[in-house]
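Visitor: Take a look at the following structure, please.
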Amino acid sequence: MLLNRIGLFSCKQSRIINLVKPITNIRPFTVTSISRIFPPPPQTIQGTVNDAVVFPPRSKAHGSIHWNFERVIAIMVAPQVAYALASGSSNAVLNALLACTLVPHAHLGFESCIIDYFPKRRFKVMFPLLMWVLRGFTILTFFGLYEFNSNDIGLCQAIRMIWKS
Amino acid sequence: MLSLSARRPIHLSMFQRTGSIVRRSALGSVFRRGISIQPMTPQENAEELAQQRVHRPNSPHLTIYQPQLTWYLSSAHRITGVALSGTLYLFSTAYLLAPAFGYGFDSNMIAHAVSQVPVWLKVPAKFIVAYPLAFHMFNGFRHLLWDSIHELTLKGVYRTGYSVLALSVLTAAYLALL
């Protein structure tokens with residue numbers, strides 16, 4: 001129902017039907033300052049307010065298996081990074097293993113961020129778009145790291161060189 | 001909310017008649033009450049509500065929650081993770097795509113650029129670069145500890161949290177002085 005904001009007085013002769021302009025000049029009444037950290041996007045209701053919530057379908061692939069895979073990758077990353085930092089050594093095997101575990105670890109982390117801040121239920125277009133952009137970036141990163149390890153001096157050696165320069 | 005299948009306007013003839021008869025002449029003009037109703041479908045109504053919600057203020061959340069080690073370290077874990085992964089991603093894609101745009105990108109270039117920086121600036125900068133890595137690594141250990149069902153009490157969380165902070169500072173300091 002669109003109402004006149006000051007719809008009670010009309011000095012001029014008005015027609016029976018007033019087609020009202022949409023209300024664009026209302027400011028929210030606040031005492032504190034309006035802070036826009038993570039403002040919510042426009043909220044939509046699927047169907048009407050009387051329809052039940054639709055839960056996402058159960059799937060082990062997106063549930064327990066995904067969780068296990070995340071932890072396995074993390075367990076594989078940790079000693080490699082610790083060893084690389086502690087010993088400062090750099091060889092082809094370490095570089096290759098690091099590239100093969102760090103990139104999936106980063107990918108999974110970014111996926112968690114996307115799922116948290118752009119939930120699929122609310123962002124019907126943005127969510128798949130971001131996921132595919134992330135996958136593209138991950139592939140580029142893996143390929144780039146492979147090229148770096150092959151043509152240039154390798155990840156650990158490069159970090160060592162930049163650190164000591 | 002009215003939802004009429006046909007968009008017929010609603011006639012308020014009674015008000016019209018009333019208004020035209022009554023004359024309050026504070027200013028010598030006719031005052032008429034007018035209410036206009038525009039019929040909308042449920043979808044239009046929901047859309048208008050959604051538009052209004054965009055302009056409404058949001059309840060404060062991060063700004064008013066009591067600072068606690070729990071969520072501070074959790075946020076720091078995520079922020080450091082994104083920073084480190086972002087650096088890795090940007091570096092690798094830049095190395096891969098730079099020749100396509102005509103730029104040369106090499107580890108020697110970066111090493112040369114870094115060597116120009118004076119020493120008194122380099123050590124703090126190295127600490128600032130090493131700290132996220134150290135913190136994320138040790139907090140990652142903390143997460144794996146929780147995942148293997150250890151230290152899942154409030155005391156345990158705070159104990160491990162402070163240990164992570166201490167260890168990461170020491171490790172970053174050691175790395176910065178390498």
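The values are calculated or read from the model by the stated rules, or taken from the named source; none is laboratory data. Computed from a predicted model, the values in this text were never measured in an experiment. Heads up, the Cβs are rebuilt from the backbone with ideal geometry, glycines too, and the neighbour counts pull from every protein chain shown.
Visitor: Looking only at segment B:100-112, filter to residues that are of a type outside the set (Asp, Glu) and facing another protein chain (nearest Cβ under 9 Å); which one of those is surrounded by the most Cβ atoms within 10 Å (Cβ to Cβ)? Show your work before the answer.
Guide: Step one: of segment B:100-112, the residues of a type outside the set (Asp, Glu) are B:100-105, B:107-112.
Checking the rest, the ones that are also facing another protein chain (nearest Cβ under 9 Å) come to B:107-108, B:110-112.
On the way: B:Ser107: 19, B:Asn108: 14, B:Ile110: 16, B:Ala111: 17, B:His112: 12.
That would be B:Ser107.
Visitor: Scan segment A:52-106 for residues that are of a type in the set (Lys, Arg) and over 21 Å from B:Asn139 (Cα atoms) and jot them down. Lay out the reasoning, then the answer.
Guide: As a first pass, look at segment A:52-106 and keep what is of a type in the set (Lys, Arg): A:58, A:60, A:71.
Correct list: A:Arg58, A:Lys60.
Visitor: On to the next question. Take the residues of segment A:87-121 that are closer than 22 Å to B:Ser92 by Cβ and among the β-branched types (Val, Ile, Thr): which is farthest from the other protein chains (Cβ to nearest Cβ)? Spell out the reasoning first.
Guide: At the first step, the residues of segment A:87-121 found to be closer than 22 Å to B:Ser92 by Cβ are A:88-114.
Subsequent filtering for residues that are among the β-branched types (Val, Ile, Thr) retains A:93, A:101, A:103, A:114.
Working: A:Val93: 19, A:Thr101: 12, A:Val103: 8, A:Ile114: 11 Å.
Top of the filtered list is A:Val93.
Visitor: Could you tell me which residue of segment A:153-165 is farthest from the other protein chains (Cβ to nearest Cβ), considering only residues that are closer than 19 Å to A:Leu98 by Cβ and not in a helix (DSSP H, G or I)?
Guide: Selected residue: A:Gly154.
Visitor: Take segment A:53-76 and flag every residue that is among the hydrophobic types (A, V, I, L, M, F, W, C) and in a loop (DSSP other than H, G, I, E, B).
Guide: A:Val53, A:Val54, A:Phe55, A:Ala61
Visitor: Given the conditions (1) more than 30 Å from B:Arg78 (Cβ to Cβ); (2) more than 9 Å from every other protein chain (Cβ to nearest Cβ), which single one is not true for B:Phe127?
Guide: Every listed condition holds for B:Phe127 apart from (1).
Visitor: Given the conditions (1) without any contact (Cβ under 8 Å) to a residue 40 or more places away in the chain; (2) within 20 Å of the chain's Cα centre (by Cα); (3) surrounded by fewer than 16 Cβ atoms within 10 Å (Cβ to Cβ), and given that A:Pro41 satisfies all but one, which numbered condition is not satisfied?
Guide: For A:Pro41, the exception is condition (1).
Visitor: Oh, and also: Can you name every one of the helices (runs of 4 or more DSSP H) wholly within segment B:1-99 that holds 1 or more residues which are within 30 Å of A:Phe110 (Cα to Cα) and either more than 10 Å from every other protein chain (Cβ to nearest Cβ) or at pLDDT below 95 (or both)?
Guide: B:42-55, B:69-97
Visitor: Tally the residues that are surrounded by fewer than 16 Cβ atoms within 10 Å (Cβ to Cβ) and in a loop (DSSP other than H, G, I, E, B), restricting the search to segment A:77-98.
Guide: So the count comes out to 3.
Visitor: Quick check on segment B:137-155. Is at least one of its residues in contact with a helix residue (DSSP H, G or I) (Cβ under 9 Å, 6 or more places away or on another chain), of a type in the set (D, E, K, R) and either away from chain A (no Cβ under 14 Å) or not in a helix (DSSP H, G or I) (or both)?
Guide: yes
Visitor: Still on this model: For segment A:122-152: of the residues being in contact (Cβ under 8 Å) with a residue 40 or more places away in the chain and buried (at least 18 other Cβ atoms within 10 Å of the Cβ), which is nearest to the other protein chains (Cβ to nearest Cβ)? Before the answer, list the steps.
Guide: Kept after step one, since they are in contact (Cβ under 8 Å) with a residue 40 or more places away in the chain, are these residues of segment A:122-152: A:122-123, A:142, A:145-146, A:149.
Subset that is buried (at least 18 other Cβ atoms within 10 Å of the Cβ): A:142, A:145, A:149.
Working: A:Phe142: 8, A:Leu145: 5, A:Asn149: 10 Å.
Filtering first and then ranking leaves A:Leu145.
Visitor: Something else about it: Report yes if B:Tyr131 is buried (at least 18 other Cβ atoms within 10 Å of the Cβ) and either in a helix (DSSP H, G or I) or of a type in the set (A, V, I, L, M) (or both), otherwise no. Can you show your working first?
Guide: Values: buried (at least 18 other Cβ atoms within 10 Å of the Cβ): yes; either in a helix (DSSP H, G or I) or of a type in the set (A, V, I, L, M) (or both): yes.
When the stated conditions are applied, B:Tyr131 passes them.
Visitor: So in segment A:49-104, with the set limited to residues that are more than 16 Å from B:His136 (Cβ to Cβ) and β-branched (Val, Ile, Thr), which one is modelled with the lowest pLDDT?
Guide: My answer is A:Val49.
Visitor: What do you reckon, is A:Ser112 under 30 Å from A:Val133 (Cα atoms), among the hydroxyl-bearing types (Ser, Thr, Tyr) and either part of a loop (DSSP other than H, G, I, E, B) or modelled with pLDDT under 65 (or both)? First the steps, then the outcome.
Guide: Working: under 30 Å from A:Val133 (Cα atoms): yes; among the hydroxyl-bearing types (Ser, Thr, Tyr): yes; either part of a loop (DSSP other than H, G, I, E, B) or modelled with pLDDT under 65 (or both): no.
The answer is no for A:Ser112.
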